[in-house]
Amino acid sequence: MKKSILICLGALLLAACATTNQVALESKTSQVATRNYQTRSFDTTDKVNVMNNIVATMQDLGFVIEKADKEIGTISGFSFTNQTTMTVSVRPQGKSMIVRANASKGTRAITEPQAYQNFFNALSQSLFLTANEVL
Amino acid sequence: MKKLIYIFMLGCLISACATDKDLYIPDANYLERRNVETRIFDTANTKELLIASAQLLQDMDYTITESDTEIGVITATKDRNVMPTAGKVVLTVLAALNNQPAVYEDKQKFYVSIVNTKLNGRQTKTRVTFARIVYDNLGKVAEIEKLDDPALYTEFFDKLGQSVFLTANNI
């Protein structure tokens with residue numbers, strides 16, 4: 001009985017362990033699904049305004065802004081209220097701005113779509129624009 | 001006992017999932033905090049305000065880690081001791097008397113971000129956020145907190161007003 005439990009536990013451990021490559025490249029998650037919940041499009045061509053509102057929204061949510069780059073369109077911050085890090089990128093596409101956020105807490109990626117929905121809701125209110133799904 | 005542990009572990013798993021769902025919802029006090037952290041300056045020269053902000057950060061012995069003029073962001077950090085050496089000695093001796101290893105809050109890293117946004121043709125909005133991480137003497141994180149004391153922000157903006165004046169007059 002004890003032996004079979006140990007074997008089971010060993011198998012579980014092996015199944016749970018991802019290889020270094022899998023961890024480095026997040027191979028176990030679908031790129032399309034991830035982009036779907038992490039991305040929204042906003043009907044505006046004003047990149048700086050969108051970036052300013054992302055910064056303001058992140059500050060409202062307790063983030064301290066760590067990096068911002070207008071050329072690349074990225075903003076990163078660390079939330080001291082929930083200990084998560086977040087990078088938000090903005091890129092123009094036609095007459096819209098595509099905004100993508102990805103967050104993690106310690107060694108764990110935030111994969112809960114609702115968390116991103118909450119962020120985009122707050123950003124929408126700040127921008128006075130609707131967040132449109134992209135995919 | 002074993003059953004209890006399983007229930008506890010399952011509870012932890014479920015609570016971890018629930019927490020993520022609640023992420024990034026502004027809390028009840030966010031507008032109040034925004035007011036505390038924000039001031040409006042009667043200048044359209046956002047760049048000058050950024051320069052005065054950088055000067056002030058240097059006045060306060062921060063190291064500037066990032067800046068972007070167009071987005072109007074400056075971020076900085078500084079490391080400080082939590083308590084003087086005498087306090088550490090007292091705690092170490094007390095712990096030794098109790099045959100315990102001494103664990104105390106040792107160092108802290110302050111984080112500050114200043115964001116300047118042009119409001120209209122005449123004004124610039126400045127919002128600042130302070131936070132810190134405290135480490136114990138074993139190097140482990142003892143505390144992570146955003147600093148929300150309104151007095152801290154009032155004093156900061158007094159200093160920034162002064163810095164704007166000093167910088168404008170090349171002092």
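The values are calculated or read from the model by the stated rules, or taken from the named source; none is laboratory data. These figures come from a predicted structure and were not determined experimentally. All Cβ positions, glycine included, derive from the backbone under ideal geometry; neighbour counts span all protein chains shown. What goes into the accessible areas is simple: the full protein's heavy atoms, side chains included, and nothing from ligands, DNA or RNA. Shrake-Rupley method; radii C 1.70, N 1.55, O 1.52, S 1.80 Å.
With a length cut of 24 Å (Cα positions projected on each helix's long axis) and a Kyte-Doolittle mean of at least -1.0, go through chain B and give me the DSSP H helices that pass. All intermediate terms of the calculation are to be shown ahead of the outcome.
Values: long enough: B:2-21 (29 Å, 0.99); B:150-168 (27 Å, 0.41).
Membrane-span-like by this rule: B:2-21, B:150-168.
Which helices count as membrane-span-like in chain A under these terms: full DSSP H, at least 15 Å along the axis by C-alpha, Kyte-Doolittle mean of 0.0 or more?
A:2-16, A:47-60
Assign one of three labels to segment B:27-67, namely rounded, prolate or oblate, based on the Cα gyration tensor with a ≥ b ≥ c the square roots of its eigenvalues; rounded applies when a/c is under 1.5, prolate when it is not and a/b is larger than b/c, and oblate otherwise.
Values: a/c = 2.71, a/b = 1.47, b/c = 1.84.
Cα axes put segment B:27-67 in the oblate bin.
Determine, from the Cβ-Cβ distance of A:SER4 and A:ARG108 and an R0 of 41 Å, the FRET efficiency 1/(1 + (r/R0)^6), rounded to the nearest 0.05. Show your work: numbers first, answer last.
Numbers: r = 31 Å, r/R0 = 0.75.
Result of the calculation: an efficiency of 0.85.
Could you list which residues have their amide H under 5 Å from that of A:GLU66, counting only those 5 or more apart in sequence or on another chain, with H placed in the peptide plane?
A:SER76, A:GLY77, A:PHE78
If you roll a 1.4 Å probe over the heavy atoms of the protein chains, what accessible area per residue do you get for chain B, in Å²?
Details: 10390 Å² over 171 residues.
On a per-residue basis, chain B sits at 61 Å².
Please compute the per residue accessible area over segment A:23-135 with all protein chains in place, 1.4 Å probe, rounded to a whole number of Å².
Values: 5370 Å² over 113 residues.
Result: 48 Å² per residue.
At 1.4 Å probe size, with the rest of the protein present, what percent of the exposed accessible area of chain B is carbon and sulfur atoms? Walk me through the numbers before you get to the answer.
On the way: 5950 of 10390 Å².
Summing carbon and sulfur atoms, their accessible area is 57 percent of the total for chain B.
If R₀ is 35 angstrom, what is the calculated FRET efficiency for the pair A:VAL134 and A:THR81, using the beta carbon separation as r and rounding to 0.05? Let's see the in-between values first.
Numbers: r = 28 Å, r/R0 = 0.81.
After rounding to 0.05, the efficiency reads 0.80.
May I ask for the accessible area buried between chains B and A, both sides summed, probe 1.4 Å, to the nearest 100 Å²?
Working: alone 11810 and 8940 Å², together 17900 Å².
Summing both sides, the interface buries roughly 2800 Å².
Return the equivalent ellipsoid semi-axes of the protein assembly as shown as a descending list in whole Å, where each equals the square root of 5 times an eigenvalue of the C-alpha gyration tensor. Display every interim value, and only then the final one.
On the way: eigenvalues 288, 198, 49 Å².
Over the Cα atoms of the protein assembly as shown, the ellipsoid semi-axes are 38, 31, 16 Å.
Which value, in Å² and to the nearest 10, is the accessible area of B:MET60 when all protein chains are kept and the probe is 1.4 Å?
40
Please name the residues of segment B:93-114 whose accessible area, counted over protein heavy atoms with a 1.4 angstrom probe, falls by no less than 10 Å² between the chain alone and the full protein assembly.
Buried on complex formation: B:TYR111, B:SER113.
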